[in-house]
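Please read the structure below before turning to the comments.
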Amino acid sequence: MAKGDPLLIVQNLRAYYPSKKGLVRAVDDVSFIVREGECVGLLGESGSGKSSMALAILGLFEKVARFAAGASNDPELKQAFDRGTSGSNERPGLRGRVVFRDRELTGLPQEELVKIRGKELSLIPQGLGHALNPQHSIGHQTAEPIEVHEDEVRLLELKKKVLEYLGIVQLADAGLRYVMDPGCFSGGESQRILIAMALIAGPYMVIADEPTSALDVTMQRQIMNVLRMIKEEFDVSLLLISHDAGVIAELADRVAVMYAGKIVESGPAVQIFHNPQHPYTMGLMTSFPTIAMMQMKAGKKPRLRGIPGDPPDLANIPSGCPFHPRCRYVIDICREIIPEDREVEPDHHIRCHRWGEISDE
Ligand SMILES: Nc1ncnc2c1ncn2[C@@H]1O[C@H](COP(=O)(O)OP(=O)(O)OP(=O)(O)O)[C@@H](O)[C@H]1O
Ligand code: SF4
Ligand SMILES: [Mg+2]
């Protein structure tokens, strides 16, 4: 595959959880592409469905949702997956297509997905809390993705490779500390170890889910530097997930903005940050001082206005355009009809009834 070819194609993806309140439409008819060698930023407020999308792409969504329903001790929820009508969109589970390197992942058995996950397509998971196993040394855990996939790797070679990758992510004193348990490492160091684990098997693509949000400001900066180095020096595509537009602005070539389980605007990063056209994106860009500064440097009048109200409960999404209760441009049609995804110019998609009529003033 050459640079610029589609590596990951997500098409009409839906990922719904069962819940006592009803279906939680965490990912709701989402389509987008990640191309070879690029970094796509997935930006959205907390609870917009970003992590659920990562799980869905990796083939882990149903397992996680079933587990959560099973752990709830609610017999209704436990049965919810198996009860619905086959083919209907109104039931929990995963629907739509995920194609990775020309291979359809949706519907592949877990035995096949295990061969792809971690090796070809890996995840830097959100939150450091449960990501590393406290029972095993970090050297052992970093080696896991290649131990699983390369039976013949000998112990010494394995150690050499583990140290090489812990060195790449600049873990201090890795040679001495790789035998230590995760409890001996700070948050920033744990994040470096998770990045090394995601890279060690030489994946084509890494999904980084909120790689900086559990860290203090200094650590955030350091981890962003590691991610930038990976983007520049490794032949790997990135799906960078964050609620922080500043994080996405630093690395992304293209951006997809998610609201209430849908991508409401996507396009080249420059367009999204300097000339957002969906009212939600316009509002988001006025919520982050780093973006206001960036726009000011580009000669634009900066605004820090934010967005009124809160994101919706995904078990009870507003009718029509899900953003309508918070939108300053709302008209009648917005309350009734869900806007379709439109390609308004090459590679720039928007879901808004009023695209072309409104401006960010
Ligand atoms: N196991 C589950 N069962 C039911 N609902 C769930 C489950 N996991 C997540 N949800 C709901 O799905 C929605 C999307 O959650 P998700 O974690 O994907 O959002 P997110 O954009 O990653 O948020 P954050 O920025 O806080 O990480 C939320 O409403 C959340 O409450
Ligand atoms: S469709 Fe209507 S409510 Fe939704 S973002 Fe566009 S103008 Fe606002
Ligand atoms: Mg998340």
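The values are calculated or read from the model by the stated rules, or taken from the named source; none is laboratory data. As the structure is a prediction and not an experimental result, all values here were calculated from the model. As a convention, Cβ positions derive from the backbone with ideal geometry for all residues, glycine included, and neighbour counts pool all protein chains shown.
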- Message: Kindly evaluate Ile337 against the criterion of being at pLDDT 95 or above and more than 28 Å from Val10 (Cβ to Cβ).
- Response: no
- Task: With the condition kept exactly as written, say whether any residue in the range 324-345 is among the hydrophobic types (A, V, I, L, M, F, W, C), near ligand 2 (Cβ under 9 Å from one of its atoms) and touching a residue at least 24 places away in the same chain (Cβ under 8 Å).
- Result: yes
- For the range 1-82, which strands (runs of 3 or more DSSP E) that fit wholly inside it have 3 or more residues that are within 16 Å of ligand 2 (Cβ to nearest atom) and more than 17 Å from the chain's Cα centre (by Cα)? none
- Query: Can you name the condition, by its number, that Lys21 falls short on among (1) within 12 Å of ligand 1 (Cβ to nearest atom); (2) crowded, with 19+ Cβ neighbours inside 10 Å?
  - Reply: (2)
- Looking only at the range 206-231, and only at residues there that are in a loop (DSSP other than H, G, I, E, B) and on the phi < 0 side of the Ramachandran plot, the one that is nearest to ligand 2 (Cβ to nearest atom): Ser213
- Message: Considering only the range 202-216, I want to know if a residue exists there that is touching a helix residue (DSSP H, G or I) at 6+ places or on another chain (Cβ under 7 Å), of a type in the set (Ser, Thr, Tyr) and either closer than 20 Å to Gly139 by Cα or within 16 Å of ligand 3 (Cβ to nearest atom) (or both).
- Response: yes
- Of Gly320, Gly309, which residue is closer than 17 Å to Met282 by Cα and of a type in the set (Gly, Ala, Ser)? Gly309
- Message: Test of understanding: among Glu112, Glu120, which residue is surrounded by fewer than 16 Cβ atoms within 10 Å (Cβ to Cβ) and not small (Gly, Ala, Ser)?
- Response: Glu112
- Residues located in the range 319-361, provided they are surrounded by fewer than 15 Cβ atoms within 10 Å (Cβ to Cβ), among the acidic types (Asp, Glu) and either within 24 Å of Val27 (Cβ to Cβ) or within 16 Å of ligand 1 (Cβ to nearest atom) (or both): Glu336, Glu340, Glu343, Asp347
